[in-house]
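Beneath this line is the structure, given in structure tokens, with notes to follow.
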Amino acid sequence: MRDVYIGRQPIYDRGLEVCGYELFLQPAGVRANGSFESKRAAAQLVLDTLVEIGLDAIVGDKLAFLNLPSELVLLLLEDLAPALPQERLVIQLDERVVADHSVLEVARNLAVQGCMVAVDGFAGQPALLPLVERADIVRVDVRGRDAAALREIMTPLQRHGVRLLAGGVESYQDFARCRDLGFDYFQGPFLYQPDVVRGRRSPASRTPLLLLTRLQDPEADFAELEALVSQDVGLTYKLLRLVNSVWYGRRTRVESVRQALLLLGTRLVSAWLSLIVMAGVAGKPHELMTTAIVRARMCELLAGAMGRLNRESYFLVGLLSVLDALLDLPMPKVVEMLPLSEDVARALLEHEGELGEVLACVLAYEQANWDGVDR
């Protein structure tokens, strides 16, 4: 099967739990703004990717919001929908396809089959109302619109009983405003931005932040790492509990940080501690921690594919790239708090240098910015 870029962007519910992902598909080596070789080839691309790879591997047990080029809607939908778990498939349609009356018939058939239909880009257009009547979800772009403008758009939608998705949510303030207005779902880069208005105070202890950096340093002294972990009683307890649960069945329990480091090595202990530390940041969605681990692993894998040395540094850069959002502090302040090397700090602050180049590629992939990936 042809290599395909698959981008996914999370969609959150009112409690900031991930309820689905919007999927973006792009064949490798094809310009993001170019046309596919043919409609049939594009149809085959979508089918191969979603059916052969499987939704479970792409979105887990969440909803899959499928973003289709308008010219492919009719070509794909009737063949694609039966081949996928229909109760988890959300087909997105917009005003570019509503002019074709056969789309309404397809939407009706999809609903009968169990698929959900989402209308994208509703801003009060009367032409979209017939499609809204058959929709389950309607997306409204909230960027540049105040509360009064959003209420005007929402009023006819609420009469139809559809669920409302706020798109383009860029800050926690936007999220709170849209939630208060009555939106059900939220999408946008707000989760990865620090809430600097609310502003968390710096952590009382820097031990977790030091761990994230020192445990990724291949030259870190073993005794130093042992001492650093042992300083935090809660962290030590969680690590030993995790190690003993994973190594259940061993006759001898792991009873010290030193024993855990000797048994598993600093690399594996580092990954586990990173999860423990990030999971301990109160008030932040689990998806942020997932993003940190995915970025870290992707940076590390790209570094390996490019023949770069010190892959631990690439892993660290990906891991730390969410700390501003986790701590609600500007990234320069986070960097100031940590004993980072100059190249790591430059990568986090400016996305420059060898480390920053890889991080920028990972962030572009995360946003389905295929031109940025190709660079």
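Quick note: the coordinates plus some simple rules give every number you see, no bench work behind them. Since the model is a prediction, treat every value here as computed from it, not as a measurement. Every residue, glycine as well, gets a Cβ built from its backbone with ideal geometry; the counts of neighbours run over all protein chains shown.
Here the simple spin-label model places points 7 Å from the Cα toward Cβ, and for Leu263 and Gln86 these points are separated by 5.1 nm. Couplings for segment 107-123, taken from phi via the Karplus curve 6.51 cos²θ - 1.76 cosθ + 1.60 with θ = phi - 60°, read 4, 5, 5, 4, 4, 5, 6, x, 6, 9, 10, 10, 9, 9, x, 6, 9 Hz in order; Gly and Pro are left as x. Here's the list of aspartates and glutamates a cross-link from Lys333 could span, going by alpha-carbon distance under 19 Å and ignoring same-chain residues fewer than 8 apart: Asp195, Asp324, Glu342, Asp343, Glu350, Glu352. Per-residue 3J(HN,Hα) values for segment 338-344, derived from phi via the Karplus relation 6.51 cos²θ - 1.76 cosθ + 1.60 with θ = phi - 60°, read 10, x, 8, 5, 4, 6, 5 Hz in sequence order (x marks Gly and Pro). Set the Förster distance to 25 Å, then compute FRET efficiency between Arg159 and Asp56 from the Cβ-Cβ distance, nearest 0.05. Given R0 = 25 Å and the Cβ-Cβ separation, E is 0.10. In this rough spin-label picture, where each label sits 7 Å from Cα along the Cβ direction, the Arg143-Asn310 distance is 3.6 nm. Database remark: amide H of Gly20 closer than 5 angstrom to the amide H of Ile11, Leu63 (H placed geometrically; neighbours at sequence offset of 5 or more, or on other chains; Pro and chain starts carry no H).
Placing pseudo-labels 7 Å out from each Cα toward the beta carbon at Ala223 and Ser341 gives an inter-label distance of 2.4 nm. Distant-in-sequence amide contacts of Asp94, defined by a placed amide H-H separation under 5 Å and a gap of 5 or more residues or a different chain, comprise Asp120.
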